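Structure, as C-alpha cells:
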Amino acid sequence: MSLTHLSPDQKPDQKLDPHAVPATFRARAEALVAQMSVEEQALLLSGDGWWQTHGIERLGLAPMVVSDGPHGLRKVVGAGLDGSVPATCFPTAPGLAATWNTALAREVGAALGREAQASGVHIVLGPGINMKRSPLGGRNFEYFSEDPVLTGHMATAYIQGVQGEGVGTSLKHFAVNNQEFERMATSSDVDERTLHEIYLQAFEIAIAQAEPAARPWSVMSSYNLVNGVHASEHRELLTTILRERWGYDGFVVSDWGGIHDRVAAVIAGNNLEMPGSGAHNRQKIIDAVRDGGLDAAVLARITAELVAVMLLAHDRHRPGSTFDAQAHHALSRRVGAEGIVLLKNDRKNGGTVLPLATGVKVAVIGDFARYPRFQGAGSSQVNPTRVSNAHDELVALLGADRVIHAQGCDGEGVTNEALVAEAVAAARAADVVLVFAGLPDSYESEGFDRRHIDLPPGQNRLIEALAAVHTNVVVVLLNGSAVAMPWVDRVPAIVEAWLGGQAGGGAIADVLTGRVNPSGKLSETFPVTLQQTPAWPSFPGRDGVAWYGEGPFIGYRHCDMREVQPLFPFGHGLSYTTFDYTAIRASADRIDVDTQGTLAIEVTLRNSGTRVGQEVVQLYVGERSPKVVRPVRELRGFAKVSLAAGESTTVRFTLGRRDFAHHDLGLHDWAVTPGTFEIRVGGSSRELPLAVAVEIEASRASRPALTRRSMVQDFLGRPGGEAAYAEMLQALGLGALLIPEDPEQIARMTPDQLNAKRKGDRGALAFANEMPLYKIPAMSGGTCGDARIDALLRQFAV
Ligand code: BGC
C-alpha cells in the first residue's frame with residue numbers, strides 16, 4: 001500500500017496574503033484612533049496593571065486580557081504572580097516538540113484556546129520559540145528545540161490551534177533570548193548570518209510563511225539587547241525585518257518590564273508596554289509628541305495596530321464558553337506519551353527489557369515516581385486540574401501485587417545509605433527495576449541558568465547501586481533539557497519523559513507497558529559532557545555581553561561540523577518496532593530553483609517489525625563542496641507516519657529555493673550558490689541511510705552591488721568586469737600579472753628562479769585581488785582617482 005504524506009508547508013518564497021489581522025479590523029481601528037486624543041493613545045500603549053490593556057469607554061473600546069502560556073493557561077487570580085485558575089498542564093515545549101507531530105501541536109493549541117475562551121482571556125502569551133543555544137539555558141524547558149525548522153513548524157501548528165478557537169497568541173521572545181543570567185541587561189552579540197539562519201528563522205516561518213490565520217496576533221519583544229540595542233526598541237528587528245520584510249501587521253508587546261526607553265520603543269515599532277507603568281511612560285509619549293520627538297502620525301499608526309487586534313479579539317470572544325477538563329487531561333496524556341523518547345532499549349537473550357512483559361514484577365524507585373516534576377517554574381507555571389503519577393498508573397495497569405515501591409531519593413535527588421539499601425532490596429525482589437530520576441525544581445527554572453548538566457549526585461549514586469545488583473534497570477528521566485548520563489552503558493534501557501504535564505505519569509505507564517509504542521525523537525542534542533557543547537565555556541555571557549562566537553554551529557550543526565559524537569543525537573528515538581528506509585527518488589537530478597519551482601523527494605519506508613508504530617521521517621539538505629562555510633546538513637522537512645506491522649508507505653517532501661539557500665552577507669538576503677546538494681533521509685540526524693544528489697542552479701541569482709568596500713576581484717564574473725579588473729591591476733603597476741606566462745621564458749629559468757617568480761606573482765595577485773576599491777586612488781598614486789572609482793561603481797550598478 002502506498003500513502004502520500006506532505007512535509008510541513010515550506011514554501012517561503014510563495015507570497016501569501018501578508019495579513020495577520022483582517023482588513024476590516026484594521027480599517028475600524030484607524031477610524032477609532034482618528035477620534036482619540038494623544039493622551040488616549042498614550043494611555044492605550046501601556047497596560048492597565050499586569051494582565052490587561054486599557055480601554056476607551058467613550059469610544060466603546062473594551063480592554064483586552066492576556067495570560068501566560070505556553071503549555072497551559074496561567075490566568076492569574078488576584079495580584080502579582082501567584083495563584084491562577086485551574087487549567088490543563090500539557091507537556092512543556094521539549095515534550096511537545098519531541099512528538100514531531102504538527103497535528104498534535106494543533107490539538108494542544110486548540111485545547112488551550114478553549115480554556116482561554118472559558119476564562120475570558122483574549123491572548124495567550126506563547127509559544128516561546130527561542131533556540132536552545134546551550135543546554136544550560138534556564139528556559140530550555142520552555143523552548144522547543146535547537147533547530148529553527150522543527151521549532152517553526154511546531155509553533156505554527158500550535159498558533160493555528162489556539163487562534164482557530166478565536167484566541168490570539170503572542171510569539172515570544174523576539175529575539176535571540178537564550179540565557180537567563182542578567183537577562184534584562186545582556187546583549188546577544190550575533191553576526192548577521194547566524195541571526196537570520198538560526199535565531200530568526202523559526203519566527204520567520206511562523207510569521208511570514210504561515211497561512212494568514214496561523215500568524216500570531218502578537219509578538220513579544222525579548223528582555224535582552226541584540227547587538228547592543230534593547231530588543232524592545234530595536235528598529236531593525238521590529239520594523240525593518242518584522243513588518244517591512246515579513247509583512248507583519250499584528251502588534252508587538254514588550255516582555256514584562258522589558259521597556260527601556262519608551263519613546264524609542266514606540267518609534268522602533270513596539271506597540272504595548274506590559275505591565276503598565278501608569279503615568280510614568282505615558283507622560284513621556286505625550287511630551288515627545290508635543291516636543292516633536294515623536295511624530296503624531298507614528299503614534300497613531302502604532303496605536304491603530306494594537307487597537308485592530310483588540311477589536312479582533314473581542315469579535316472572536318465567546319462569552320460563556322466551557323471546556324471538557326477530562327478530555328483535555330486525556331489529550332495531555334496522549335501528547336505526553338507521544339513525546340516520550342526511548343533513548344535506549346538493549347536487546348539481550350533475544351528480547352528487550354521494554355515494553356514490560358506480561359506478569360513481570362517491577363520495583364518503582366525514586367520520589368519522582370510518586371511526586372513527579374511535570375512542569376517548570378516561573379511565568380509558565382500552571383495550576384493543574386489534576387496530576388497523575390507513574391507509580392499509581394503502573395499499579396492501575398499492572399496490578400498492585402506487581403509493583404513494589406522504594407523512595408530511593410527525595411525530590412531534590414538526595415539519598416543516603418538507608419534509602420539506597422532499601423531500594424537495592426526492592427530491586428532484588430523484582431524482575432525489572434524502574435528508577436525515576438531527573439532535574440529537581442532547584443536545578444531548572446525561568447530566571448536562572450543551569451550551572452552544569454549533571455543529575456543530582458544522589459540520583460547517579462542510586463542508579464549505579466541498582467545497576468550493580470540488577471541487569472534489568474530502566475532509567476526514566478523527567479527533565480526539561482539535556483542531562484549527562486555517566487551510567488549510560490550500565491543500564492539496558494533509558495526513557496526520556498521530559499516535563500510531561502499533568503498526565504505525564506499515565507503517559508510514562510503507557511509507554512513502559514507498551515500500550516503506546518514510543519515514537520518521540522530528540523528535539524535537541526544530548527551531549528556526553530558540557531565541555532562538548534559549542535557555547536562552552538563562554539555561557540552564560542557576562543558583563544553585559546553574550547558573544548555568539550560559535551556562529552550557526554549549535555546542536556547537531558556543531559556535532560556534524562566538528563565530528564563530535566554526542567551521547568544521543570538530534571532526531572534520535574527508538575520504537576518497539578523497526579523501520580526500514582528502502583528507496584529514495586528525486587523528481588529531477590538537476591533543477592533551477594529560480595525558474596523550475598520545486599523538487600519532489602519521495603522515500604519508501606517499511607515497518608519491518610511486529611507492532612504498529614509511528615516513525616518521524618527526517619530530511620536533511622547539505623551542500624557537497626560549499627562555497628560559503630555552512631553546516632554539513634540541515635533539517636529541511638519531517639513527517640510523522642503511522643504504519644501497521646509489515647506495511648510500507650511513500651513519504652513525499654517538496655523542496656524549494658529556500659531549502660538550498662543561505663543568508664548572504666553581500667545581499668543581506670537569502671541566496672542560493674549553484675552546486676551539488678545532497679539530500680539525506682532517515683530516522684535521526686546521525687542515521688540517514690537514504691541519499692540522493694541533485695545539481696542545483698539558480699539562474700536569477702543576483703550578486704551584491706559593488707561598493708567602495710568591494711574588492712578588486714569582485715569585478716570578475718560581471719559583464720564588463722574583466723576590463724575593469726585589468727584597469728585596476730594596471731593602475732597598481734601590476735599589469736604584468738595579466739600577461740600569460742611565456743613558455744620559452746619559463747623553460748630558460750632554473751627551478752629556483754621559477755619558484756621565486758611564482759611565489760612573487762601569487763603574493764602580488766593576492767595583494768591586488770583583495771584590495772578594497774577605496775584604497776585604489778592612493779595606491780595607484782592617483783592614476784585611478786576617486787572620480788574614476790565612482791564612475792565604475794555607477795557603471796556596475798546598472
Ligand atoms: C516572561 C514572559 C512572560 C511574562 C508574563 C516574563 O517574565 O519572560 O515569558 O510571558 O513574564 O508573565
Residues of segment 194-231 classified as more than 29 Å from G656 (Cβ to Cβ), in a loop (DSSP other than H, G, I, E, B), in contact with a helix residue (DSSP H, G or I) (Cβ under 7 Å, 6 or more places away or on another chain) and small (G, A, S), total: 1
Selection count where residues are β-branched (V, I, T) and either in contact (Cβ under 8 Å) with a residue 60 or more places away in the chain or part of a loop (DSSP other than H, G, I, E, B) (or both), scope segment 232-266: 4
Exclusive hit being at positive phi, crowded, with 24+ Cβ neighbours inside 10 Å and within 16 Å of the ligand (Cβ to nearest atom), set V176, V167: V176
Test result for L136, more than 29 Å from V77 (Cβ to Cβ), more than 16 Å from the ligand (Cβ to nearest atom), assigned to a loop (DSSP other than H, G, I, E, B) and at pLDDT 95 or above: yes
Count of segment 439-474 residues which are away from the ligand (no atom under 16 Å from the Cβ) and part of a strand (DSSP E or B): 2
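Conditions (1) farther than 28 Å from D449 by Cβ; (2) surrounded by fewer than 17 Cβ atoms within 10 Å (Cβ to Cβ), marked per residue:
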residue	(1), (2)
Q375	no, no
V382	no, no
R386	yes, yes
A390	yes, no
L394	yes, no
D401	yes, yes
H405	yes, no
G413	no, no
Single residue of segment 74-118 satisfying the filter (more than 14 Å from the ligand (Cβ to nearest atom) and of a type in the set (D, E, K, R)) that is nearest to the chain's Cα centre (by Cα): R106
Output for segment 300-326, where each listed residue is free of Cβ contacts under 8 Å to residues at least 12 places away in the same chain and either assigned to a helix (DSSP H, G or I) or within 28 Å of the chain's Cα centre (by Cα) (or both): R301, Q326
Segment 345-373, residues that are in a strand (DSSP E or B) and loosely packed, with under 15 Cβ neighbours inside 10 Å: R347, K348, G351
Matching residues in segment 44-68 - criterion: being touching a Pro at 6+ places or on another chain (Cβ under 7 Å) and not in a strand (DSSP E or B): G47, D48, G49, W50, T53, H54, G55
Residues of segment 59-73 classified as away from the ligand (no atom under 14 Å from the Cβ) and of a type in the set (A, V, I, L, M, F, W, C), total: 4
Residue check, G378 within 25 Å of V76 (Cβ to Cβ), within 16 Å of the ligand (Cβ to nearest atom), out of contact with any Lys or Arg (no Cβ under 7 Å at 6 or more places or on another chain) and not in a helix (DSSP H, G or I): yes
Matching residues, segment 302-340, being buried (at least 16 other Cβ atoms within 10 Å of the Cβ) and either in contact with a strand residue (DSSP E or B) (Cβ under 7 Å, 6 or more places away or on another chain) or among the charged types (D, E, K, R) (or both): E305, L306, V307, V309, M310, A313, R316, R333, R334, E338, I340
Enumeration of residues in segment 381-393 that are closer than 21 Å to N479 by Cβ, outside any strand (DSSP E or B) and within 31 Å of the chain's Cα centre (by Cα): Q381, V382, V387, S388, N389, A390
In segment 56-83, residue surrounded by the fewest Cβ atoms within 10 Å (Cβ to Cβ) [restricted to those that are among the small types (G, A, S) and touching a residue at least 12 places away in the same chain (Cβ under 8 Å)]: G80
Some residue of segment 181-200 being touching a Leu at 6+ places or on another chain (Cβ under 8 Å), farther than 20 Å from G544 by Cα and within 16 Å of the ligand (Cβ to nearest atom): no
Of the criteria (1) surrounded by fewer than 13 Cβ atoms within 10 Å (Cβ to Cβ); (2) assigned to a strand (DSSP E or B); (3) not aliphatic (A, V, I, L, M), which one N755 fails: (2)
Residue count, segment 227-255 (criterion: within 16 Å of the ligand (Cβ to nearest atom) and over 22 Å from H19 (Cβ atoms)): 5
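The values are calculated or read from the model by the stated rules, or taken from the named source; none is laboratory data. The structure presented is a predicted model; accordingly, all values stated were derived computationally and were not measured. FYI the Cβ positions are ideal-geometry reconstructions off the backbone, even for glycines, and counts take in every protein chain you see.
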